Structures are given as structure tokens and as C-alpha cells.
């Protein structure tokens, strides 16, 4: 039987695994599911249709599954799905999805979401991601596996941040971030390859060297633009020389996609609503 503190409120209908812990003064809604080995430390609010997988630990004053801060939302049945073995620290907020974004906000597995970070509606977060203190993620953002977002950074809606990317602290991100790269500053600029992150994840030295060569071709000019010809020409050259390299292929695809969207956000070209129309009251 689940270990539920006497001061916790668990609504009838909530599904709580037998070995889960619901700490003092926590609240679990009727539509929530708390999986095996989960631990709500204390003062945790699990709202709406929120599902926690296995072995998640949620720290005090975190709120998971609250209604999205979107004026187009009118109480539709949407949800938040969280994978396994995530560490969700104090005062984190993660909101449920919207109908316009597919109805689901999703957090993968083995992520660390640090104090007071916010993950808005319809975000899709991969695995092994680190979102550090006070990071603000707007709606519809995609974070690839092993991405790291530095403290107090703010990310615009519909931005995609590629796998193994590193965003420096206090960075304002308004465009897609390519995989394997380090981005920082205001305006945000691609500064180089995320060498430390790649080495920690045991990338081969030759793979890192090819990514460094790609960086020099694509980003070594001012304002993150290539100084050796236009981006399209350099992408074509990289594809010819290293198109069979998986990392280079991912980088090429990401850069090509970002040029298709509004303001360098390729996923924004797929949005269903009219961004210039005021939401219905």
C-alpha cells in the first residue's frame, strides 16, 4: 500500500503505485497516475491528467499538470506525461498541453529540472536533459536528448534545441539551436562545439573534430554567420564530404530545417493557429 502522509490530499480515482510515497501537504488529483517508486517529498501539487512513470522524485512546492497559461485554452482534456527517474526540484512548474499543440506536454526520462524552472504547455523534453535554475521555457519547445540549458535563460515558443546542445546562462534564445553546439549571449550566438559535453558522453575524438570543422564552416563569421561563403554552399560541401557521418547529418538537417520557419524557428511554420489573431475571450 502506498505511503501517503496523513496531511496529504489524494482525490478518489487517483492511481498511486503501492510503493509510491506522497509526502506531507501534497495534493494528487483524481485523474493523476503516480508510478512505482515515485516520491513526492512534500507540498507537491499533481494536477489534472498527469502521469508519472517509475522512480521520479518531486521536491517541495513543485506544481505539475496545471492548466496552461494560454488564452486559447478553454478547459480541454489535455495532459502531462512524465517518464522515469526524473529529479524535479523545488518550485518547478510544468503545465499540461493544449489542443492546438497536440494535447500533451511530455518530459522524458533521467532528466534534472532544477529549482524554479518553468516548462510551458506542449513542450517535448527528451532524455538526460538538464534544465537549470530559473530557466523559462515557453510553449511548444522541443529539447533534444542530453541538452543543457544554463541558469536564468529564456527560450522563445516553438524553438527547437538539438541533442547535446549547451545553452549558456542568462541567454535569450529566439531561434533554433543546432545540435552539438554551444550557444550563449544576447543576441544568442553559436560559440563553438560543446566539446566538454561530447567528451563526457564518450564521443570519439574524430567525431568531435568533424563537428569542429563544420562549426568553422558554418558559424565562424560575425553574428554566427559563415565567413567562407553562404550557408547553403557550406551545407552542400559538408554533405558531400561527411554526409555519411551521423552527427554531421543531424547538424545539416537541423540547420536546413531552421531556415524554413519564421525567424529561424522551423516548428513555428507548422503551427495551426493564426499567431496575429487575438485569442477569443
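Over segment 3-140, Cα pairs under 8 Å with separation of 6+ residues give a relative contact order of 15 percent. Computed over the chain, relative contact order equals 9 percent, with contacts defined as Cα pairs under 8 Å that lie 6+ residues apart. Of the residues 189, 7, 78, 240, the one with the fewest other Cβ atoms within 10 Å heads the list, and the complete ranking is 240, 7, 189, 78. Here is the size of segment 125-220 from its Cα atoms: Rg then Dmax, 12.6, 37 Å.
Annotation: the residues 270, 250, sorted from fewest to most other C-beta atoms within 10 Å of their own C-beta, follow the order 270, 250. Normalised by 2.2 N^0.38 Å, where N is the number of residues, the alpha-carbon radius of gyration of segment 3-140 equals 0.94. So what's the angle, to the nearest 10 degrees on a 0 to 90 scale, between helix 246-258 and the longest Cα principal axis of the chain? Once rounded, one gets 80 degrees.
Which one of 14, 205, 165 has the biggest mean-square fluctuation once the chain is modelled by GNM with Cα springs under 10 Å? Result: 205 has the largest fluctuation of those listed.
How far is helix 231-242 tilted off the main Cα axis of the chain, in degrees rounded to 10, range 0 to 90? The angle comes out near 90 degrees. For segment 123-171, the normalised intensity computed at q = 0.18 Å⁻¹ comes to -0.43 (log10 of I(q)/I(0), Debye sum over alpha carbons, equal scatterers, no solvent). Equivalent ellipsoid of the chain: semi-axes from √(5λ) of the C-alpha gyration tensor, largest first, are 37, 21, 15 Å. Ordering 166, 73 by the number of other Cβ atoms within 10 Å of each residue's own Cβ, fewest first, gives 73, 166. For the chain, the mean residue ellipticity at 222 nm estimated from helices alone is -5000 deg cm²/dmol, where every DSSP H run of n ≥ 4 contributes -39500 (n - 2.57) and the total is divided by all residues, rounded to the nearest 500.
Evaluated on segment 69-153, the Kirkwood hydrodynamic radius is 12.6 Å, with distances taken between all distinct Cα atoms.
Compared with the dominant principal axis of the Cα atoms in the chain, helix 205-219 is inclined by about 70°.
Throughout, read-outs are computed from the coordinates displayed, never taken from laboratory work. Fair warning: this is a prediction, and the values are worked out from it, not measured in the lab. Please note: Cβ atoms are built from the backbone with ideal geometry, for glycine as well, and neighbour counts cover all protein chains shown.
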